[in-house]
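Single-structure report; data block below.
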Amino acid sequence: MNINRYTEKAQEAISTAQQIAEREKHPQLEPEHLLGTLVTQKGGVVPDVLRKMQIDPAVVGTEVQQALARLPKAYGDSQLGFSPRLRAIFAKAEGETERFKDEFVSTEHLLLAIAGETGRSPAADILNRHGVTYDKVLETLAA
């Protein structure tokens, strides 16, 4: 991951997610941390995308906070790292950037990557419960 290939808003979201994980004493930065910051980001694209889909970003944010509260905590001297799931999200977002022939990874690329996450993903499950799927996000961005 080359952070210099990320937009200012995407970098801000990642930084805020790290601060939340550290404050909550989570051992790893997870997609849920990132989703929580994306849906509440002031001046961000993601809250606008959700509103266009008739979804209240605050409701999604509350559900993400509940998911974060269930994560394990680590006490003592530990170094916060990216979880394998989050590294996969970054790789997928970077792939979306190339697919759209964009120069930088933006918050909407990150949202697409999270919405498209498969397997046991609390973040994708939260989005899917609200009808936020990879295809619906693409549709909304194209509109």
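The values are calculated or read from the model by the stated rules, or taken from the named source; none is laboratory data. Given the structure is predicted, the values throughout are model-derived calculations rather than measurements. Don't worry about glycine lacking a Cβ; one is built from the backbone with ideal geometry, like all the others, and counts go over all protein chains shown. Please note that ligands, DNA and RNA were not included when accessible areas were found on the heavy atoms of the full protein model with its side chains. Shrake-Rupley method; radii C 1.70, N 1.55, O 1.52, S 1.80 Å.
Within the range 62-100, the set of residues being part of a loop (DSSP other than H, G, I, E, B) and closer than 14 Å to ARG5 by Cβ comprises PHE100 only. Here the range 98-123 is the region considered, the condition is being touching an Asp or Glu at 6+ places or on another chain (Cβ under 8 Å) and in contact (Cβ under 8 Å) with a residue 60 or more places away in the chain, and the residue that is farthest from PRO57 (Cα to Cα) is VAL105. Condition check: in contact (Cβ under 8 Å) with a residue 60 or more places away in the chain, part of a loop (DSSP other than H, G, I, E, B) and open to solvent by 10 Å² or more (accessible area, probe 1.4 Å). Does GLY131 satisfy that? Against the criterion (in contact (Cβ under 8 Å) with a residue 60 or more places away in the chain, part of a loop (DSSP other than H, G, I, E, B) and open to solvent by 10 Å² or more (accessible area, probe 1.4 Å)), GLY131 qualifies. Just one of the listed residues (GLY95, GLY76) is among the small types (Gly, Ala, Ser), open to solvent by 30 Å² or more (accessible area, probe 1.4 Å) and more than 23 Å from GLU8 (Cα to Cα), and it is GLY76.
Restricted to the range 1-46, and to residues there that are among the acidic types (Asp, Glu) and part of a helix (DSSP H, G or I), the residue that is least open to solvent (accessible area, probe 1.4 Å) is GLU32.
Screening LYS73 against (1) out of contact with any Gly (no Cβ under 9 Å at 6 or more places or on another chain); (2) under 23 Å from LEU141 (Cα atoms); (3) basic (Lys, Arg); (4) touching a residue at least 24 places away in the same chain (Cβ under 8 Å) leaves a single unmet condition, (2). For THR140, the test of being in a helix (DSSP H, G or I), touching a residue at least 60 places away in the same chain (Cβ under 8 Å), more than 16 Å from GLN41 (Cβ to Cβ) and open to solvent by 10 Å² or more (accessible area, probe 1.4 Å) is passed.
One residue alone among THR40, THR7 is farther than 18 Å from THR133 by Cα and in contact (Cβ under 8 Å) with a residue 40 or more places away in the chain, and that residue is THR7.
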